[in-house]
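Participant: Before anything else, here's the structure in question.
Readers should treat all values here as calculations from the given coordinates under stated rules, not as data from a laboratory. This one's a predicted model, so the numbers in the text were calculated from it and none came from an experiment.
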């Protein structure tokens, strides 16, 4: 069976991962995996990452259906210190109900605009957020992750 290389996610998924970490929704953390509760509280995703082989298992929609690195995987890698984490940006994001926001706005660009307005109220500039997200995505791309068959 062929392995599928995971692509980089939309930038907003980095923000969603920050919110998961800040909201203490990443639990059962081991060297190779964890559980990540969805922001709505109705789902719990299982994450397994083998950094030696680059193989990833996560049952979130982005990883399973869209073949990109889903936010639960990013959150796990942040908690493990493999990807950067920024508490200042993360804290205001912890209460966001991401699925509701995504379904209401139907556009990641519009979601980002709404999040930018929220962060502006916390004296966090969007350019700071963009620099942080690009750093995370750059490091994530260097990991060469594959969906476990």
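Participant: Where a ≥ b ≥ c are the square roots of the eigenvalues of the C-alpha gyration tensor, would you call the range 23-63 rounded, which needs a/c under 1.5, or, failing that, prolate if a/b is larger than b/c, or oblate? If you can, show how the numbers build up before the last one.
Facilitator: Working: a/c = 3.30, a/b = 1.59, b/c = 2.08.
Oblate is the answer for the range 23-63, as a/c is 1.5 or above yet b/c matches or exceeds a/b.
Participant: Express the relative contact order of the range 81-147 as a whole percentage, based on alpha carbon pairs under 8 Å and six or more residues apart in sequence.
Facilitator: This gives 41 percent for the range 81-147.
Participant: Let a ≥ b ≥ c be the square roots of the eigenvalues of the Cα gyration tensor of the chain; is it rounded (a/c under 1.5), or, if not, prolate (a/b larger than b/c) or oblate? Spell out each step's value before the answer.
Facilitator: Numbers: a/c = 1.59, a/b = 1.54, b/c = 1.03.
Since a/c reaches 1.5 and a/b is larger than b/c, the shape of the chain is classed as prolate.
Participant: Now a separate question. Which one of 15, 51, 137 has the biggest mean-square fluctuation once the chain is modelled by GNM with Cα springs under 10 Å?
Facilitator: 51
Participant: Pick from 121, 23, 62 the residue whose mean-square fluctuation is largest in a GNM of the chain, springs joining Cα atoms under 10 Å.
Facilitator: 121
Participant: At 222 nm, what helix-only mean residue ellipticity would the chain give, in deg cm²/dmol to the nearest 500, using -39500 (n - 2.57) for each DSSP H run of four or more? Working shown, then result.
Facilitator: On the way: 7 runs with 66 residues, N = 149.
Mean residue ellipticity, 222 nm, calculated: -12500 deg cm²/dmol.
Participant: Looking only at 48, 80, 104, which one moves most when the chain is put into a Gaussian network model with springs between Cα atoms under 10 Å?
Facilitator: It is 104.
Participant: Suppose a student asked you for the relative contact order of the range 4-144, using Cα pairs under 8 Å spaced at least 6 residues apart; what percent would you report? Don't skip to the answer; put the middle values down first.
Facilitator: Numbers: 200 pairs, mean separation 43.0, N = 141.
Over the range 4-144, the number comes to 30 percent.
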